[in-house]
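First the structure, in the form of structure tokens, and then the observations on it.
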Amino acid sequence: MITQRETWGTRAGFILAAAGSAIGLGNIWRFPGEAYEFGGGAFLLPYLFALLTAGIPLLLLEYTLGRKHQVGPPSVYRQISKPAEGIGWWQNAIAFCLSTFYAAVIAWALSYTYFAFSRGWGDQPVDFFVGDFLGAGGNLDFFEFRWPIFAVLVGVWVLVLTIMLGGIRRGVELANRICIPLLMVLFGIIVVRAVTLEGATEGLNAFFTPEWSRIGEAEIWLGAYAQIFFSLSIGMGTMIAYSSYLKKKSELSTTAVTVAFANSSFELLAGIGVFSILGFMSVQAAQPIDGLVGTGGGVAFITFPTILNEMPGGAFIGVLFFASLAVAGISSLISIVIVPMTSVEDRFGWSRKKTVAYLGVPMAIVSLLIYPTANGSSMVDAVDFAVSGYGLVLGGLATIILAFATGKLKSLAAEANRTSVLKLGNVWYACLGLTAVILTIVLFLNVKGQIEDLSDPEVANELVYINWGVGGAMIVFGLVMTVILYKRPLPVREEAEPEPALDTE
Ligand code: PHE
């Protein structure tokens, strides 16, 4: 028997937490690089298409599943169909991998916030990041720890696990009430400063100029869907977990639209900020933007410090930039870590204290053993690709297929419509169906491309293998859990207490 679980304190509390989950490293660290790599302005078209036809509909599906069943993802899927429980455990494995490296990137951002005060990266930011900071020597040396990063990463985990111990209202909700307004102020200042820099227009032109010739490439479409899934935190059960703490009468549709647009606006704003600053650099150095943009860590931890060295007031902007990266990251990390916590609590009847001790602490230890080492950044790249490039998209596809295959979509729409302002119906079904078809095609073409690449000696095959290894292991974990737990019924929960009459929702 497990006791009645907590609910969000207010509607605003849930919206802030869902937005806090969505707005994260993906918006500032991932989006600008992806958009640029995938054809600038031309990327925005598949991106918008994916947002409207896949992002918002799937967000609604996950909200509805969570609110309806009021349990973590594996228990939700099991209630839909017993063998489907594995989808939930597979998503847990994805969350586990994601949390371990996500925390590491937050630790980098925090370290760089400190360096920014004195521009401690010196005048060779590339050598500093790769050599002095990460100590990456190119050879795979596990257990060669970078103690300063290790110490900061310990701090990140202590903070996140403490928030977990606080529960929903006094932990997650409170943290987001602090993080989101803080982030808006910090980032707002950066964008205003950025667009007024000399050369900003050059940067924005590079960002928005569409390369239409590339619009037909499967890679670009997968890139757009992957960015939407990652950025909206869907496909991994995060939104199922968060909405399982909603009251049964909470409104869902306007919440989903608000969160989705808040997230994409922030993402575009981050792109504008980052590219204005790149434009400044390109004018100063009389170099085309092309050579300045790296993907992933490159822009934030290498290009930015280089620019900040040149920029009047660079130290100040640097502190704001890296601090906002860290703050945005923390509120998302909370929502990643909560997936396994909620799942295990609801499936095995554990208390929060027990899950933090027996699940949270081991997660922190894995993260600490892998990422603050000389291999840290290669591992971040490899796991990021398996998780963000494929994992979430496949996870979301599985949820959609399950809803169709079990014929549950209609009843789920009815469940959502019970309280929703915008009614779910044929358009919703059509969008989910279309998403399933597109994702299947795009994933097939991409895997085919990867297999073809394997015969190309120019391509680094180890990364492909690490990717498939990590991806495969996560799926196997889901299958194993399904078999082990097949006969074990879900724990029974105590009857809900009547909600107080004077509720504002
Ligand atoms: N949405 C987060 C970001 O943009 C990452 C995330 C993905 C969080 C999946 C939770 C689940 O950085």
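The values are calculated or read from the model by the stated rules, or taken from the named source; none is laboratory data. Bear in mind that the values here come from a model prediction, so they are computed numbers and not experimental data. With ideal geometry, Cβ positions are generated from the backbone for all residues, glycine too; neighbour counts draw on all protein chains shown. Calculation scope for accessible area: heavy atoms of the full protein, side chains included, ligands and nucleic acids excluded. Shrake-Rupley method; radii C 1.70, N 1.55, O 1.52, S 1.80 Å.
Here the condition is being touching a helix residue (DSSP H, G or I) at 6+ places or on another chain (Cβ under 7 Å), away from the ligand (no atom under 14 Å from the Cβ) and among the hydrophobic types (A, V, I, L, M, F, W, C); of A328, A374, A364, A357, it holds for A364 alone.
Evaluate the stretch 205-216: report whether one residue or more is within 22 Å of the chain's Cα centre (by Cα), open to solvent by 10 Å² or more (accessible area, probe 1.4 Å) and small (G, A, S).
No: zero hits.
Being open to solvent by less than 10 Å² (accessible area, probe 1.4 Å) and either more than 16 Å from the ligand (Cβ to nearest atom) or at pLDDT 95 or above (or both) is the filter here, so list the residues in the stretch 310-321 that pass it.
Result: M311, G314, I317, G318.
Pairs linking a residue in the stretch 235-247 that is more than 11 Å from the ligand (Cβ to nearest atom) and among the small types (G, A, S) to a residue that is open to solvent by 10 Å² or more (accessible area, probe 1.4 Å) and in a loop (DSSP other than H, G, I, E, B), with Cβ atoms under 8 Å and 6 or more positions apart or on different chains, are S244/R5; S244/Q70; S244/V71. Of all residues in the stretch 116-137, exactly one satisfies the criterion of being among the small types (G, A, S) and open to solvent by 80 Å² or more (accessible area, probe 1.4 Å), namely S118.
Return yes when V257 is in contact (Cβ under 8 Å) with a residue 40 or more places away in the chain, assigned to a helix (DSSP H, G or I), within 13 Å of the ligand (Cβ to nearest atom) and open to solvent by 10 Å² or more (accessible area, probe 1.4 Å) and no when it is not. Give the steps one after another, and end with the answer.
On the way: in contact (Cβ under 8 Å) with a residue 40 or more places away in the chain: yes; assigned to a helix (DSSP H, G or I): yes; within 13 Å of the ligand (Cβ to nearest atom): no; open to solvent by 10 Å² or more (accessible area, probe 1.4 Å): yes.
Answer is no for this residue.
Taking the stretch 260-269 as the range and being open to solvent by less than 10 Å² (accessible area, probe 1.4 Å) and away from the ligand (no atom under 13 Å from the Cβ) as the test, no residue passes. Can you confirm whether the stretch 425-442 contains a residue that is part of a loop (DSSP other than H, G, I, E, B) and at pLDDT 80 or above? Yes; the residues of the stretch 425-442 include at least one that is part of a loop (DSSP other than H, G, I, E, B) and at pLDDT 80 or above. Of all the residues in the stretch 317-373, those that are of a type in the set (S, T, Y) and more than 25 Å from F229 (Cβ to Cβ) number 4. Residues that are open to solvent by less than 10 Å² (accessible area, probe 1.4 Å) and of a type in the set (S, T, Y) within the stretch 217-244 comprise Y225, S231, T238, Y242, S243, S244, listed in sequence order.
Confirm whether I400 is in a helix (DSSP H, G or I) and within 13 Å of the ligand (Cβ to nearest atom).
Spelling it out, it is not the case that I400 is in a helix (DSSP H, G or I) and within 13 Å of the ligand (Cβ to nearest atom).
Of the residues making up the stretch 172-208, just one is at pLDDT 95 or above and among the small types (G, A, S), namely A175. Taking the criterion of being open to solvent by 10 Å² or more (accessible area, probe 1.4 Å) and assigned to a helix (DSSP H, G or I), the residues of the stretch 68-83 that qualify are K68, H69, R78, Q79, I80, K82, P83. Within the stretch 16-29, does at least one residue satisfy the condition of being within 14 Å of the ligand (Cβ to nearest atom), touching a Phe, Trp or Tyr at 6+ places or on another chain (Cβ under 7 Å), among the β-branched types (V, I, T) and open to solvent by less than 10 Å² (accessible area, probe 1.4 Å)? Yes: one or more hits.
Residues L65, L59: which one is part of a helix (DSSP H, G or I), in contact with a Ser or Thr (Cβ under 8 Å, 6 or more places away or on another chain) and open to solvent by less than 10 Å² (accessible area, probe 1.4 Å)?
L65
V105 falls short on exactly one of the conditions (1) open to solvent by 10 Å² or more (accessible area, probe 1.4 Å); (2) within 16 Å of the ligand (Cβ to nearest atom), and that condition is (1). Specify the residue that is nearest to the ligand (Cβ to nearest atom); the eligible residues are those in the stretch 282-306 that are crowded, with 24+ Cβ neighbours inside 10 Å and at pLDDT 85 or above. Per the criteria, the residue is F301.
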